[in-house]
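The values are calculated or read from the model by the stated rules, or taken from the named source; none is laboratory data. This is a predicted model, so every value here is computed, not measured. Because the Cβ atoms are built from the backbone with ideal geometry, glycine has one as well, and the counts that use them run over all protein chains shown. Note: accessible area is taken over every heavy atom of the protein model, side chains too, but ligands, DNA and RNA are not part of it. Shrake-Rupley method; radii C 1.70, N 1.55, O 1.52, S 1.80 Å.
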Amino acid sequence: MVEETPWQQALRYANRANPYPFYEELRKTPVARQPDGTYVVSTYREIVTLLHDPRVSSDPRKGPDPASAQAEASAQAEGSGQPEAEPSIITCDPPQHDRDRRMMTPHFVGPPHSPDLIAGLEPEIRRIVDGLLDHMQGKTRIDAVDEFAYPLPVTVICKVLGVPLEDEPRFHHWIQTALDAWEFGPEAASEDFQSRLAAGNQAVQEFGQFAAELFDRYARQPGPGMLSAMVNEDGPEGRMSKGLLTSNALLLIFAGHETTVNLIAHSVLTLLRHPDALEKLRRRPELIVPGVEELLRFESSVQFWPTRSAVKDIDIAGTTIPKGAPIFLAYGSANRDPEQFTDPDELDLERRDNQHLGFSQGIHFCFGAPLARLEVQNAIGEFVRRVENPRLVEDPPPYRRNQIFRGPRHVLVDIDGIRD
């Protein structure tokens with residue numbers, strides 16, 4: 001029996017709750033070739049270098065199997081009856097990436113047209129947070145995922161994008177089904193994965209159909225939110241095609257709540273595991289801003305991204321990544337790299353110069369970072385202030401299957417009450 005590499009072990013579902021011992025072993029070889037030909041980069045310095053290296057592509061069509069990437073896009077389009085999806089801003093390179101991001105940015109993060117767009121959402125975010133906590137009054141046990149971490153970002157992203165909140169149960173099912181179909185470790189050979197993969201492909205098709213119908217509706221009758229603005233935008237670079245609209249809408253709905261759900265859930269989990277930090281944040285609420293940055297570092301919502309590849313040979317850390325090879329940049333490992341962070345396995349809410357990779361770096365720096373920060377700062381700040389004597393029921397809690405968007409499925413917490 002062939003011994004598994006540290007990366008393969010980290011990807012196993014049994015190790016989802018604690019991949020960090022395997023990351024520590026992985027960092028001994030900063031750029032490690034895997035049996036399938038993937039090069040996993042696990043150290044902070046090397047990851048930052050590659051994030052700014054134009055020889056690294058984010059476009060699957062430039063990867064080791066471009067024909068398969070194109071065939072998959074065509075098959076999904078054919079199955080849904082919609083135009084073939086084009087790469088989203090996270091799966092394309094300049095100059096297309098720069099053009100598409102320029103077209104989308106004013107409708108989401110505001111500047112230069114609406115500089116207060118995200119900041120202006122804070123009263124609504126606080127209202128949602130307060131309502132969720134109010135609803136917990138009288139309970140002695142809560143699920144910090146189902147009752148808190150999930151409803152906040154999904155409500156906010158629906159408002160920002162203009163997706164009807166009543167459609168949430170449908171796209172929640174599609175998202176979870178699709179995420180369960182992503183498997184990059186040894187378990188990808190199982191029969192269970194093959195059935196999950198088929199279900200995931202079907203979910204993506206149905207989700208794409210939903211998005212396309214929403215765009216058609218907004219083209220006939222403009223409405224509130226970013227998606228309607230994108231459909232009807234007549235800017236200097238014209239309008240986005242329907243295929244481009246669809247791929248980016250799916251990205252925004254996926255990433256716009258899934259990563260923030262996991263970040264809020266992990267923040268609650270981490271603080272309950274570190275009662276001294278919880279008490280410090282309660283005494284000194286002004287630490288919520290640096291505290292959230294530390295929580296982003298400590299438990300990365302995005303562990304790696306699977307579409308990058310080398311478009312030329314790249315020499316780095318004593319290894320040559322050959323042209324065409326897939327590259328995984330392991331953010332979750334880099335954020336615990338002792339060469340970058342002092343005592344990386346310690347939670348320090350006052351950590352200085354915290355240049356974590358929780359939102360990546362470079363041209364693919366997270367599009368929704370300002371909104372995510374605002375949501376988590378308000379959610380965790382009020383949770384710490386209002387929830388009385390929270391205690392973990394189960395540690396570790398059960399985790400979701402997905403290896404990229406790593407997060408707990410439930411976080412059960414016993415409480416003494418909810419303060420006003």
- [ ] Run down E24, E46 and say which single residue is among the charged types (D, E, K, R), open to solvent by less than 40 Å² (accessible area, probe 1.4 Å) and modelled with pLDDT of 95 or more.
- [x] E46
- [ ] Go through the residues of the range 129-151 one by one and say whether even a single one is of a type outside the set (V, I, T), farther than 19 Å from E206 by Cα, open to solvent by less than 10 Å² (accessible area, probe 1.4 Å) and not in a helix (DSSP H, G or I).
- [x] yes
Task: Single residue of T259, T307, T320 found to be of a type in the set (S, T, Y) and more than 30 Å from E168 (Cβ to Cβ) - done: T320
Task: In the range 209-222, residue farthest from G162 (Cα to Cα) [restricted to those that are open to solvent by less than 40 Å² (accessible area, probe 1.4 Å) and of a type outside the set (A, V, I, L, M)] - done: F210
- [ ] Under 8 Å between Cβ atoms, at least 6 apart or on separate chains: pull out the pairs that start in the range 392-412 with a residue that is outside any loop (DSSP other than H, G, I, E, B) and end on any residue that is among the β-branched types (V, I, T).
- [x] L392/V411; L392/V413; F405/T259; F405/V302; P408/V145; L412/I142; L412/V393
Open item on the list: Looking at (1) under 24 Å from the mean Cα position of the chain (by Cα); (2) of a type in the set (K, R); (3) open to solvent by 50 Å² or more (accessible area, probe 1.4 Å), which one does K280 not meet, given that it meets all the others?
Closed with: (1)
Open item on the list: Anything in the range 240-266 that is touching a Leu at 6+ places or on another chain (Cβ under 9 Å) and of a type in the set (A, V, I, L, M)? List them, or say none.
Closed with: L245, A249, L252, I253, V261, L263, I264
Task: Index of the failed condition, V163 passing every other in (1) aliphatic (A, V, I, L, M); (2) in a helix (DSSP H, G or I); (3) under 30 Å from G120 (Cβ atoms) - done: (2)
TODO: Answer yes or no: is there a residue in the range 384-400 that is crowded, with 21+ Cβ neighbours inside 10 Å, over 27 Å from R284 (Cα atoms) and at pLDDT below 95.
DONE: yes
Open item on the list: Looking only at residues that are surrounded by fewer than 19 Cβ atoms within 10 Å (Cβ to Cβ) and either in a loop (DSSP other than H, G, I, E, B) or polar (S, T, N, Q) (or both) in the range 234-245, which one is nearest to the chain's Cα centre (by Cα)?
Closed with: S241
Open item on the list: Can you go through V261, V231, V268 and tell me which one is more than 30 Å from F304 (Cβ to Cβ) and assigned to a helix (DSSP H, G or I)?
Closed with: V231
TODO: Could you grab the pairs with beta carbons closer than 6 Å, sequence gap of 6+ or different chains, first residue in the range 197-208 and under 19 Å from D167 (Cα atoms), second one surrounded by fewer than 20 Cβ atoms within 10 Å (Cβ to Cβ) and small (G, A, S)?
DONE: Q205/G79
- [ ] Please list, ordered by first then second residue, the pairs with beta carbon atoms under 7 Å, 6 or more apart or interchain, first in the range 79-107 and over 26 Å from G200 (Cβ atoms), second buried (at least 17 other Cβ atoms within 10 Å of the Cβ) and at pLDDT 85 or above.
- [x] R101/I89; H107/M226; H107/A229; H107/M230
Open item on the list: Looking at the structure I just gave you, is L347 open to solvent by 10 Å² or more (accessible area, probe 1.4 Å), at negative phi, at pLDDT 95 or above and not acidic (D, E)?
Closed with: yes
Task: Tabulated pairs, the range 157-172, first without any contact (Cβ under 8 Å) to a residue 60 or more places away in the chain and buried (at least 17 other Cβ atoms within 10 Å of the Cβ), second among the charged types (D, E, K, R) and in a helix (DSSP H, G or I), C-beta under 7 angstrom, 6+ apart or interchain - done: C158/E168
Open item on the list: R284 - would you say it is in contact (Cβ under 8 Å) with a residue 40 or more places away in the chain, of a type in the set (K, R) and over 21 Å from D53 (Cβ atoms)?
Closed with: no
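For every residue, the table says whether it meets (1) over 25 Å from E258 (Cα atoms); (2) charged (D, E, K, R).
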position	(1), (2)
G324	yes, no
R336	no, yes
G358	no, no
E382	no, yes
D414	no, yes
R419	yes, yes
- [ ] Scan the range 173-192 residue by residue and report those that are open to solvent by less than 10 Å² (accessible area, probe 1.4 Å) and among the β-branched types (V, I, T).
- [x] I175
- [ ] Inspect all residues belonging to the range 254-268 and state whether any of them is of a type outside the set (D, E), open to solvent by 10 Å² or more (accessible area, probe 1.4 Å) and more than 30 Å from V393 (Cβ to Cβ).
- [x] no
Task: Number of the exception - K312 against (1) assigned to a loop (DSSP other than H, G, I, E, B); (2) free of Cβ contacts under 8 Å to residues at least 60 places away in the same chain; (3) not small (G, A, S) - done: (2)
- [ ] Considering each residue of the range 112-128, count those that are at pLDDT below 90, more than 23 Å from the chain's Cα centre (by Cα), open to solvent by 60 Å² or more (accessible area, probe 1.4 Å) and not acidic (D, E), and give that number.
- [x] 3
Task: Residues of the range 173-196 classified as outside any helix (DSSP H, G or I) and touching a residue at least 12 places away in the same chain (Cβ under 8 Å), total - done: 6
